[in-house]
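Take a look at the structure set out below.
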Amino acid sequence: MRYTRRMTLTVTNLGCTRGGLCVLDGVSFVVKPGQILVLQGPNGIGKTTLLRTIAGLQPPQSGQIAAPADSIAYAAHADGIKPTLTVGENLTFWAAIFGTQNISPALAAIQLTALRSRPATSLSAGQKRRLGLARLLVTGRPIWLMDEPTVSLDTASTALFIAMIASHLGQGGSALIASHIHLGLAAATYLNLTPYANHIAPQPSPFDGVTA
Amino acid sequence: MISLLMRDITLAMRAGGGFGLGLAFFLLVAVLVPLGVGPDPITLAKIAPGILWVGALLACLLSLDRLFALDAEDGSLDLLATAPVPLEAVVVIKSLAHWLVTGLPLTVIAPALGLLLNLPTSGYPWLVAAFGLGTPALSVIGAFGAALTVGLKRGGLLLSLLVLPLYVPTLIFGAEVIRRGALGLDATTPLLFLAGITLGSTALLPIASAAAIRVNLR
């Protein structure tokens, strides 16, 4: 399967806020089909905030995000897995929501076929993460936003993940990945967010110095 | 959309899903009140409409904090908000699923509990009609409260304080339908009011709920 539409994600001069505080400012990049961009930076720099802004969960403070409609699939820290549903039921639900039908290729790609009828509560942390990654496959969307996708994956699963990304890129998809470790992805370009961090000191709170 | 409805119902039915919690609570209220008030049939018949509706209200309230909070905790709500389904529809479907696993069972069991409370025979059709028309409003209004408190951990207290005042019109008109029905009077007017509350809140509140969720997800 190839993605039928060629989709480019363009971010121009983006500023985003977390908890009312501007954390990033002036971020610009382009992710074309077949490309992968890894966002790097220390904890708290705003990697998750940037991804959530691009995913449309919060409005940008400034700047523009240009991507075709219905082209972005977002994978958060939390995988959205219901523990009382089976692996197959969890994935079938997301496939139905995104209007795709067949979940078998996704399960096979991430080697969860054998666990299909097991309740998700009995999965290990790494298996849950793999199920979360399989969800991206059933969305059928070309631009993937991934927040720390390799957390709790072992070496073998990380290799599976890299193979899955490679196949995604080969089909004309693209990915934007937030990670604080080097993923070892051959095709990746890296963007360090540190220069874009907002250095304006936080405004003093009216409650500073107030003691109970 | 159907898949979301089926998922919510399945989740409610499976272990720890909370199906039966409200029903059991409703049952307990209706069984304990005659024991507490005393076996005088006239007193019981007089308070039956009020007790049934208060029981239904509180039973409904019990399961409300799970409506969006569970989805918010495991990340499903973020993913649903970025999925190709309008958040308003998600709210409507989740309210419908909530009604199917709380309001509908309450409606079905209410006549049996009316018997325990010595409700006069002429009141039963009105009892079922009032519950059938009134309990959907409880789910829709409750979903609004749940959406407002979705970002809060243990927001149950705030949720109750927000939602209970909004439940008062349903309580008043719902109990009035049964009271008039039990006395053999015409109960069409309060029943129409009750239907109006349900229809109005179903039309307007999902939009407000979706807006509240969007703000809370930021």
TODO: Give segment A:53-89 a look and list any residue that's among the polar types (S, T, N, Q) and at the interface with chain B (Cβ under 9 Å from one of its Cβ atoms), or say none.
DONE: A:Gln58, A:Thr84
- [ ] Please give the number of the condition A:Ala114 fails out of (1) within 14 Å of chain B (Cβ to nearest Cβ); (2) open to solvent by 40 Å² or more (accessible area, probe 1.4 Å); (3) more than 20 Å from the chain's Cα centre (by Cα).
- [x] (1)
Task: Qualifying position, being modelled with pLDDT of 85 or more, surrounded by fewer than 17 Cβ atoms within 10 Å (Cβ to Cβ) and of a type in the set (D, E, K, R), among A:Lys32, A:Lys47 - done: A:Lys32
- [ ] Quick one: count up the residues across segment B:145-176 that are among the hydroxyl-bearing types (Ser, Thr, Tyr) and surrounded by fewer than 16 Cβ atoms within 10 Å (Cβ to Cβ).
- [x] 0
Open item on the list: Based on this model, can you work out whether A:Gly140 counts as in contact with a strand residue (DSSP E or B) (Cβ under 9 Å, 6 or more places away or on another chain) and either within 14 Å of chain B (Cβ to nearest Cβ) or among the hydroxyl-bearing types (Ser, Thr, Tyr) (or both)?
Closed with: yes
Task: Qualifying residues in segment B:178-197 (those that are in contact (Cβ under 8 Å) with a residue 12 or more places away in the chain and farther than 21 Å from B:Ile141 by Cβ) - the one nearest to the chain's Cα centre (by Cα) - done: B:Arg179
Open item on the list: When you scan segment B:35-52, do you find a residue that is open to solvent by 10 Å² or more (accessible area, probe 1.4 Å), within 14 Å of chain A (Cβ to nearest Cβ) and either in contact with a Gly (Cβ under 6 Å, 6 or more places away or on another chain) or not polar (S, T, N, Q) (or both), even just one?
Closed with: no
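Can you confirm whether segment A:143-161 contains a residue that is assigned to a helix (DSSP H, G or I) and surrounded by 23 or more Cβ atoms within 10 Å (Cβ to Cβ)?
Scanning segment A:143-161, I find no residue that is assigned to a helix (DSSP H, G or I) and surrounded by 23 or more Cβ atoms within 10 Å (Cβ to Cβ), so the answer is no.
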TODO: May I ask you to verify whether A:Gly41 is open to solvent by less than 30 Å² (accessible area, probe 1.4 Å) and at positive phi?
DONE: yes
Task: Residues of segment A:162-173 satisfying the condition of being buried (at least 23 other Cβ atoms within 10 Å of the Cβ) and not in a helix (DSSP H, G or I) - done: A:Gly173
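Would you confirm whether any residue within segment A:6-15 is polar (S, T, N, Q), touching a Cys at 6+ places or on another chain (Cβ under 9 Å) and open to solvent by 60 Å² or more (accessible area, probe 1.4 Å)?
Taking every residue of segment A:6-15 in turn, none turns out to be polar (S, T, N, Q), touching a Cys at 6+ places or on another chain (Cβ under 9 Å) and open to solvent by 60 Å² or more (accessible area, probe 1.4 Å).
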Task: Candidate set from segment B:181-218 (those that are within 14 Å of chain A (Cβ to nearest Cβ) and part of a helix (DSSP H, G or I)); member that is most open to solvent (accessible area, probe 1.4 Å) - done: B:Arg214
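This table checks each residue for (1) touching a Pro at 6+ places or on another chain (Cβ under 6 Å); (2) of a type in the set (A, V, I, L, M); (3) within 14 Å of chain A (Cβ to nearest Cβ).
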| site | (1), (2), (3) |
| --- | --- |
| B:Ala56 | no, yes, no |
| B:Leu61 | no, yes, no |
| B:Phe68 | no, no, yes |
| B:Asp74 | no, no, yes |
| B:Ala83 | no, yes, yes |
| B:Ala97 | no, yes, yes |
| B:Asn118 | yes, no, no |
| B:Thr121 | no, no, no |
- [ ] Output the number of residues of segment A:70-111 satisfying the condition of being in contact (Cβ under 8 Å) with a residue 24 or more places away in the chain and open to solvent by less than 20 Å² (accessible area, probe 1.4 Å).
- [x] 18
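Being within 14 Å of chain A (Cβ to nearest Cβ) and in contact with a helix residue (DSSP H, G or I) (Cβ under 7 Å, 6 or more places away or on another chain) is the filter here; which residues of segment B:85-95 pass it?
Across segment B:85-95, the qualifying residues are B:Val85, B:Leu87, B:Val90, B:Ile93, B:Lys94.
The values are calculated or read from the model by the stated rules, or taken from the named source; none is laboratory data. Values in this document were obtained by computation on a predicted structure and should not be read as measured data. FYI the Cβ positions are ideal-geometry reconstructions off the backbone, even for glycines, and counts take in every protein chain you see. Quick note on the areas: whole protein, heavy atoms, side chains included, nothing else; ligands and nucleic acids left out. Shrake-Rupley method; radii C 1.70, N 1.55, O 1.52, S 1.80 Å.
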